[in-house]
Amino acid sequence: MDKISKGIEKMQEQDLQEAARLFNEAIEENPEDPVGFINFGNLLLHMNDYQRAEKFYHKAIELDPNAATAYFGLGNAAFEQEDYPAAQQYFQKAVNSGLEEGDVYMMLAMSLQHQDHQKLSLPYFQRAIELNPKDESALFQYGLALAQTNQIQLAQKTFFKVLEINEEHSDALYNIGVSYLYEEDADRAYEFFDKALHYQPDHLLAANGKKSIDEMLSQDNQEQ
């Protein structure tokens, strides 16, 4: 196993010091290979050392202007620092440089979503799900983006797909409840708020949803 592969293995085992030593040796042995710089950048990103991580990614891009995973790393560093326009640009560069993975499309969509560009985020969420249909997080975020663009029925179907992967996803259950409120089906809404609270008893939004329906039904009974 080469030093890069060993370093990645050590990183996964949380032996970060050994991972750093191996990546450093790989860079010293092959200073013109961007892969060592990218992996050292990934290690620094994992340690939340964003500025140093960025330097390693930029060095990798100097060596190879089409280093797609270096752009992806820069996108993640910008995203973690809440610089969403920069993150969007870097993730787009990663895609343009040939990175065809669900994660990059998911992060590109999330960067747009954080800039209130919900409609623009939709095709990227769709692509992320095409590449990784079991990505619970991408499906859920796609559902939210659909809801935010008033595509309530499609959002509801998407949240149900989340439940096929994880039936205990309390936020998906809550949002299905909200979608039933839009359809003026208070009974079904109440049922899903109740399910959300079953799996997450401190889910405040679901609790408020139930309370609102109780108050509405109580008011209706008083008026009758």
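The values are calculated or read from the model by the stated rules, or taken from the named source; none is laboratory data. The model shown is predicted, which means the values in this text are computed figures rather than measured ones. Glycine gets a Cβ as well: all are built from the backbone with ideal geometry, and neighbour counts include every protein chain shown. Side chains included, ligands, DNA and RNA excluded: accessible areas come from the protein's heavy atoms. Shrake-Rupley method; radii C 1.70, N 1.55, O 1.52, S 1.80 Å.
Quick notes
- Test: residue in the stretch 8-24 that is closer than 24 Å to Met110 by Cβ, in contact with a helix residue (DSSP H, G or I) (Cβ under 7 Å, 6 or more places away or on another chain) and either open to solvent by 30 Å² or more (accessible area, probe 1.4 Å) or in a helix (DSSP H, G or I) (or both): yes
- Count - residues of the stretch 182-219 that are open to solvent by 80 Å² or more (accessible area, probe 1.4 Å) and touching a His at 6+ places or on another chain (Cβ under 7 Å): 0
- Residue satisfying all of: in the stretch 112-121; part of a helix (DSSP H, G or I), of a type outside the set (D, E, K, R) and surrounded by fewer than 20 Cβ atoms within 10 Å (Cβ to Cβ); modelled with the highest pLDDT among these: Leu120
- Asn39 meets all of the listed conditions (1) loosely packed, with under 15 Cβ neighbours inside 10 Å; (2) polar (S, T, N, Q); (3) assigned to a helix (DSSP H, G or I) but one, namely (1).
- First in the stretch 1-24 and closer than 16 Å to Leu45 by Cβ, second anywhere and assigned to a loop (DSSP other than H, G, I, E, B), Cβ under 8 Å, 6 or more apart: Leu16/Met47
- Only a single item in (1) polar (S, T, N, Q); (2) open to solvent by 70 Å² or more (accessible area, probe 1.4 Å); (3) closer than 25 Å to Ala109 by Cβ is not met by Asn76, and it is number (2).
- Cβ-Cβ contacts under 9 Å between residues 6 or more apart (or on different chains), taken from a first residue in the stretch 209-224 that is among the hydroxyl-bearing types (Ser, Thr, Tyr) and modelled with pLDDT of 80 or more to a second residue that is part of a helix (DSSP H, G or I) and open to solvent by 70 Å² or more (accessible area, probe 1.4 Å), are listed as Ser212/Leu181.
- Every residue from the stretch 25-52 that is in contact (Cβ under 8 Å) with a residue 24 or more places away in the chain and more than 25 Å from Phe79 (Cα to Cα): Ala26, Glu29, Glu32, Asp33
- Of everything listed in (1) at pLDDT below 95; (2) in contact with a helix residue (DSSP H, G or I) (Cβ under 9 Å, 6 or more places away or on another chain); (3) in a helix (DSSP H, G or I), the single unmet condition for Phe125 is (1).
- Filter result for Leu139 (without any contact (Cβ under 8 Å) to a residue 40 or more places away in the chain, within 18 Å of Gly102 (Cβ to Cβ) and either in a helix (DSSP H, G or I) or within 15 Å of the chain's Cα centre (by Cα) (or both)): yes
- Residues of the stretch 87-102 that turn out to be open to solvent by 70 Å² or more (accessible area, probe 1.4 Å) and closer than 17 Å to Ala145 by Cβ, as a count: 0
- Odd one out for Leu173 among (1) at negative phi; (2) of a type outside the set (Gly, Ala, Ser); (3) open to solvent by 10 Å² or more (accessible area, probe 1.4 Å): (3)
- Condition met for Gln153 (in contact (Cβ under 8 Å) with a residue 12 or more places away in the chain, within 23 Å of Gly75 (Cα to Cα) and surrounded by fewer than 17 Cβ atoms within 10 Å (Cβ to Cβ)): no
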